[in-house]
Amino acid sequence: MTNELPLLRTMPKVVRMFAAFIMLTLAIGYAHAVGYVYLTTHILPKGIEERYRGTETSSANNSPGASTNSGIGSASDVPENPSALSKPTTTGDMQFQKSLAEMLNIIHTHVITMTLIFAISGFITLFTDALPKWLRNAVVLEPFLGIIATFGGLWATRYLGGGWSWLVSVSGAVMAVAFAVQTIALVLELRAVRRTASMRL
């Protein structure tokens, strides 16, 4: 396969090591991010919905036994059945719906950070030819569409309806697969260096 760009295997060793360490540290960070998402949503559409729309109910305020006493520490302020105030959640924790300020903070930091991550990993992947050209180009470009879909989906999940959490779940999973394929492409490219060196002996 011909490549319009120079290949990593033809570059000095320090350049190949530089690329390898960049991808290694990005992979470590990405793995931690996936772990955090698992702990907070179980990487399920329902968990994502709960994370951004909340799980709290208004049953405490509307229940017949709710106290009208404004005194602090009154026994009537304690619900007879505390479990009635919450419902089972995906993660087991009560979640509160995100405010507009929280949404803006979460989304702007993640969009900028993930754009930089995939710009770096994609740039490195362009200097490989271990994958078919169409697949290489797809995994380089897809994450940027995935970022738009994922975080657009979060806005829609929060303000339009929980069904949009499926878009977040699917697009996030595809982005993770794209990053994994980019990493594999680099590993195969670096292995090609060893094969080339052994053939010269």
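Only the coordinates and a few stated rules stand behind these numbers; no lab work does. It should be emphasised that the depicted structure is a prediction, and the values quoted were computed from it without experimental measurement. Cβ atoms come from the backbone with ideal geometry, glycine included; neighbour counts cover every protein chain shown.
Listed values, structure above:
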item: Subset of the range 1-41 [under 21 Å from residue 177 (Cβ atoms) and without any contact (Cβ under 8 Å) to a residue 24 or more places away in the chain]; result: 24, 25, 28, 31, 32, 33, 35, 36, 38
item: Flag for residue 154 being out of contact with any Lys or Arg (no Cβ under 6 Å at 6 or more places or on another chain) and buried (at least 20 other Cβ atoms within 10 Å of the Cβ); result: yes
item: Subset of the range 127-144 (residues that are surrounded by 15 or more Cβ atoms within 10 Å (Cβ to Cβ) and farther than 17 Å from residue 30 by Cα); result: 127, 128, 129, 130, 131, 136
